[in-house]
1. Among (1) more than 11 Å from the ligand (Cβ to nearest atom); (2) at pLDDT below 90; (3) part of a loop (DSSP other than H, G, I, E, B), there is one condition residue 39 misses while meeting the rest; what is its number?
2. Among the listed residues 290, 358, 320, 305, identify the single one that is under 24 Å from residue 210 (Cβ atoms) and modelled with pLDDT under 95.
3. When region 253-274 is examined, which residues are found to be in contact (Cβ under 8 Å) with a residue 40 or more places away in the chain and surrounded by fewer than 17 Cβ atoms within 10 Å (Cβ to Cβ)?
4. Output the number of residues of region 108-124 satisfying the condition of being at pLDDT 95 or above and part of a loop (DSSP other than H, G, I, E, B).
5. For residues in region 206-217 being in a helix (DSSP H, G or I) and in contact with a helix residue (DSSP H, G or I) (Cβ under 7 Å, 6 or more places away or on another chain), which is surrounded by the most Cβ atoms within 10 Å (Cβ to Cβ)?
6. For region 180-205, give me each residue that is surrounded by fewer than 22 Cβ atoms within 10 Å (Cβ to Cβ) and not in a loop (DSSP other than H, G, I, E, B).
7. Check region 336-349 and report whether any residue there is in a helix (DSSP H, G or I) and assigned by TED's automatic domain parsing to the domain that holds residue 278.
8. Which residue is nearest to residue 39 (Cα to Cα), if the candidates are limited to region 52-67 and must be more than 7 Å from the ligand (Cβ to nearest atom) and assigned to a loop (DSSP other than H, G, I, E, B)?
Ligand code: HEC
């Protein structure tokens, strides 16, 4: 960073150059929202949108969908909402790695433009104590006797070659972690693009709530049937012909199938870690238990909704409550006081437990 003290006439020319080069000068980056940043794309709405997409695909696995550092890839990933070290250090951390984080997070090289877009997106999530201003820019912003102008060094947008070199000389992207990310962090076809484990938990929780309403009055057949329809919608919206319900439109059944598919992809990835291969089997067994219990729930829901007698409907409605508890918590099928991942026992709680053992 060079700081020039200039006469007013020269000053105009340099400002014009700075704006022309990057559409950026420090004063404009401080912006109407009062944000200051050394990122040339700061405040650019298009860049923020693109950055969100790239962030979710490449960073959220570890840093979390909200950038709060609570992803499931590496423990104690940084809370990027509180990033303090200025934009240049951000770019450096991403490209070269930072302490335990490999270069590019191990996810494959990005262009300089994409890194700047991620930075612009992260600024939108920033907490009060975050800082995206480089130390040099900060000192220039301070008032001084003469006219002080920052001629900003623009990021070299031609640098993808450099990125590629870095990527091949450092960490290869880990394929199994990408598939794990679809379970734990984000998957494209879920509502809100949440991970498959999250959508399963959300739908099963909704199903459990409405199964509870169904059994509030076991003599009220209409009430049992109404709430059982709601359960069916959350378990499998395609099975509930009314198309209406409190479910999110994805369903426990589809979420369990998705978990199985992506867990198999992770297990079969050529770079899968030993713990991924081992615990994949436990996750898969528990997910198949969930599929089975979800199927039973739908069968019983059909009996309730088609049934004419409150007694039979009440009986099945109570069985539904039990099945959904198993889906969420697992089942102590052999009565030994513990619930394992095993056939007939493991549910969502055991899936989460065994995913946490994978590194
Ligand atoms: C495989 C997991 C993983 C991925 C993927 C990942 N990171 Fe990180 N990142 C970490 C960890 C862990 C740390 C904390 C390093 C430490 O303190 O040991 C970190 C630290 C950082 C830091 C430094 C934070 C600070 O306070 O100085 C930045 C910036 C960062 N990551 C950005 C990113 C971006 C942007 C992406 C996506 C392109 C990304 N990371 C992808 C694991 C990851």
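The values are calculated or read from the model by the stated rules, or taken from the named source; none is laboratory data. Keep in mind that this is a model prediction, so the values were computed, not measured. So basically every Cβ, Gly included, is an ideal-geometry build from the backbone, and we count neighbours across all protein chains shown.
1. With respect to (1) more than 11 Å from the ligand (Cβ to nearest atom); (2) at pLDDT below 90; (3) part of a loop (DSSP other than H, G, I, E, B), residue 39 is out only on (2).
2. Residue meeting the stated conditions: 305.
3. 270, 271, 273
4. The number of residues fulfilling the criteria is 0.
5. The residue in question is 207.
6. Those that are surrounded by fewer than 22 Cβ atoms within 10 Å (Cβ to Cβ) and not in a loop (DSSP other than H, G, I, E, B): 191, 192, 193, 198, 201, 202, 205.
7. Taking region 336-349 as the starting set, the residues that turn out to be in a helix (DSSP H, G or I) are 348-349.
Filter again for assigned by TED's automatic domain parsing to the domain that holds residue 278, leaving 348-349.
The answer is yes, given that some residue of region 336-349 is in a helix (DSSP H, G or I) and assigned by TED's automatic domain parsing to the domain that holds residue 278.
8. Applying the filter and picking the extreme gives 67.
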